[in-house]
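Working notes, beginning with the structure itself.
The values are calculated or read from the model by the stated rules, or taken from the named source; none is laboratory data. Quick caveat: nothing in here was measured; it's all calculated off a predicted structure. Reconstructed Cβ throughout: ideal geometry from the backbone, glycine too, with neighbour counts over all protein chains shown.
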Amino acid sequence: MALICCSTPAQHKEKSALRRMLYVVPDALPGQYDWKPLGNAVNGTVWFGTRLDAQGHLGGAERLFSAMEIHSWENFTRYLLITPENEKAAQQLLSDTRTAQRSFIAIAGLLQKNNSIAGVQLDFEYLPVSFAQKYVAFARGLKQHLPAGRTLHIAVFPPIGMPQQWSGFHKLTELAAVSDGLFVMLYDYHRPGSKPGCVSGISWLRKNARQLALLPREKIWLGAPLYGYRFAGHKTTAISRSGFTKLKRNRTEADGCLLVETAAGVQSYYPAAALYAEYDALVRENGFAGVAYWRAGFER
């Protein structure tokens, strides 16, 4: 939902100056996409689909480059989101030095051949806390192997409000020190497996912002959801803006979230304009790097 536009030239200039990143899943990108989530122009795109296997080999990049050629992507800074193929691959990459080195060389080689890619973002999740320091070492090693001028960012869980077995794997202070920045996944506060509720909320954002402000602020990106959730008994599914808008029942709003509930007890939540305004305000107030939206298309 688009934010209310500012009324004065000075305010408009301030809004435009805020940096915004957009995650892209090529197979799910809507046709004729305008690259303006919530009406905001983005500065860069992070492309999902590049994976490391248990041998340290990198796959999926060529498919992403083909997608980039198809879609309008000029004038954007472009990054590759790199994930492990599965948990076994992730643990092997973090535990075996030769496998890690092989992955570093593969990633660095890919960047050397493609000058249009500004850097990479690592996204390792749901690993045991015992692997936390190994992940810091892996990130440090990868950073040292990247070509000059290319950046390394890391996707991390927020410090407050997520299961400790998830967030404990991400040592925020150490990861911030060995990288160019952290993309904090400030969504899925309510999610599949949790009680019904909004994917994010203003009060939760503020609590996390206070903790994140203790880190190097210029390295912190606040991750924002472009989706909501529909809770129907034990089944929870992601819902887009258009899917939520089609629900004709009365809406209520609280803590930056809209709710529609049916007589059968099905609850659908979607971020309100107030939530997105809060992301922007927290970035400006704290001097954070910017806002990163997950993912392109759900806001339509």
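For residues in the range 219-238 being within 16 Å of the chain's Cα centre (by Cα) and part of a loop (DSSP other than H, G, I, E, B), which is surrounded by the most Cβ atoms within 10 Å (Cβ to Cβ)?
Filtering first and then ranking leaves 226.
Every residue, every condition in (1) under 25 Å from residue 277 (Cα atoms); (2) out of contact with any Leu (no Cβ under 8 Å at 6 or more places or on another chain), yes or no:
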residue	(1), (2)
146	no, no
151	no, yes
166	no, yes
170	no, yes
188	yes, yes
209	yes, no
220	yes, no
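So which of 249, 284 is outside any strand (DSSP E or B), touching a Leu at 6+ places or on another chain (Cβ under 9 Å) and among the basic types (Lys, Arg)?
Within the list 249, 284, the selection yields 284.
Within the range 46-59, is there a residue that is modelled with pLDDT under 95 and surrounded by fewer than 17 Cβ atoms within 10 Å (Cβ to Cβ)?
No, the range 46-59 contains no residue that is modelled with pLDDT under 95 and surrounded by fewer than 17 Cβ atoms within 10 Å (Cβ to Cβ).
Which of the helices (runs of 4 or more DSSP H) contained wholly in the range 40-114 include at least 2 residues that are of a type outside the set (Val, Ile, Thr) and closer than 19 Å to residue 180 by Cβ?
Because the criterion is at least 2 residues that are of a type outside the set (Val, Ile, Thr) and closer than 19 Å to residue 180 by Cβ, the helices (runs of 4 or more DSSP H) in the range 40-114 that meet it are 97-113.
Quick grid of which residues meet (1) among the small types (Gly, Ala, Ser); (2) in contact with a Pro (Cβ under 8 Å, 6 or more places away or on another chain); (3) modelled with pLDDT of 95 or more:
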residue	(1), (2), (3)
148	yes, no, yes
170	no, no, yes
187	no, yes, yes
198	no, yes, yes
201	yes, no, yes
207	no, no, yes
222	no, no, yes
229	no, yes, yes
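Restrict the check to the range 281-290 and report whether at least one residue is surrounded by fewer than 21 Cβ atoms within 10 Å (Cβ to Cβ), farther than 20 Å from residue 157 by Cα and not small (Gly, Ala, Ser).
Among the residues of the range 281-290, at least one is surrounded by fewer than 21 Cβ atoms within 10 Å (Cβ to Cβ), farther than 20 Å from residue 157 by Cα and not small (Gly, Ala, Ser), which makes the answer yes.
Do any residues in the range 288-300 that are at positive phi have Cβ atoms under 8 Å from those of residues that are of a type in the set (Lys, Arg) and in a strand (DSSP E or B), where the two are at least six apart or on different chains, and which pairs are they?
Within 8 Å, the pairs are 290/20.
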